[in-house]
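One structure below.
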Amino acid sequence: MSLLTPIEAPPSLTEQAVAALRRDILSTRLAPGETISEAAAAQRLDMGKAPIRAALARLAEDGLVQAVPRRGWMVSLVTIRDIHEVFDLRLLLEPEAARRAAGRVDTQMLARLDAVCAEGYDCGDAESAMCYLDANKRFHVAVAELSGNGRIARQIDRLLDESTRMLVLGLRRRDRTMEMAHEHHELVERLALGQGEAAAALMHEQVAASREMVLAALTAPDAMTAV
């Protein structure tokens, strides 16, 4: 019996198309309400129409696009209801995850969290919002994993994906990255000291502040949302 680690198969064309289109949608390069042409997407990604069509169907299952008769596909709008539902769930789950994670942070894990906090602040280009939010997601998921409840961590992971596009739009109007960096470091300190209630309170404040930032941005007159 071979002890060699099996080589993972490279992602299929459909998987590559899903990843590329998801990134474009979450970063709002493909803006809410924008029409997606299969032909144009295929040309831009240097693929055939079949994997593009399959990728769009998969993204439709995630609620990121929707089919429009005789027009092809449209990037789903971000609704006020979406914002409230996603952040309400984050406010229920993430403070509890932080409370459970308190005292579980060893030196190695503390260094990992600090590194994740620091990532994404020096991007300095058009990718800065997504670069920061990728690091921010890893930070929040790492805290959730420390809770010891895998289901909570997986749900938080999914909610953070849903909130990414909202946060990108919010950060365009108000850059909170430095505030969030400070909040992250303070949270790490509370977790390391085993201060569960303080960690939960800080996490609640951080998620609530992000929700307020998003709501302020996406209720502006020129925001790309639907009520």
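The values are calculated or read from the model by the stated rules, or taken from the named source; none is laboratory data. Since this is a predicted model, take the numbers as computed values, not measurements. No Cβ is skipped: glycine too gets one built from the backbone with ideal geometry, and neighbour counts run over all protein chains shown. Note: accessible area is taken over every heavy atom of the protein model, side chains too, but ligands, DNA and RNA are not part of it. Shrake-Rupley method; radii C 1.70, N 1.55, O 1.52, S 1.80 Å.
Tallying residues that are open to solvent by less than 70 Å² (accessible area, probe 1.4 Å) and assigned to a helix (DSSP H, G or I) within region 23-43 yields 8.
Go through the residues of region 71-91 one by one and say whether even a single one is in contact with a Pro (Cβ under 6 Å, 6 or more places away or on another chain) and in a loop (DSSP other than H, G, I, E, B). Steps first, please.
Residues of region 71-91 that are in contact with a Pro (Cβ under 6 Å, 6 or more places away or on another chain), as a first pass: 75, 77-78.
When the remaining residues are screened for being in a loop (DSSP other than H, G, I, E, B), the result is 77.
Scanning region 71-91 turns up at least one residue that is in contact with a Pro (Cβ under 6 Å, 6 or more places away or on another chain) and in a loop (DSSP other than H, G, I, E, B).
Considered as a group, the residues in region 197-227 that are modelled with pLDDT of 90 or more and over 22 Å from Leu159 (Cα atoms) include one that is most open to solvent (accessible area, probe 1.4 Å), and that residue is Glu197. If you check Arg165 against the conditions, is it assigned to a helix (DSSP H, G or I), under 21 Å from Leu30 (Cα atoms) and modelled with pLDDT of 80 or more? When the stated conditions are applied, Arg165 passes them.
Kindly indicate whether any position in region 140-162 is modelled with pLDDT under 80 and either in contact with a Leu (Cβ under 6 Å, 6 or more places away or on another chain) or assigned to a helix (DSSP H, G or I) (or both). Quick ask: steps written out before the conclusion?
Going residue by residue through region 140-162, those that are modelled with pLDDT under 80 are none.
The answer is no, given that none of the residues of region 140-162 is modelled with pLDDT under 80 and either in contact with a Leu (Cβ under 6 Å, 6 or more places away or on another chain) or assigned to a helix (DSSP H, G or I) (or both).
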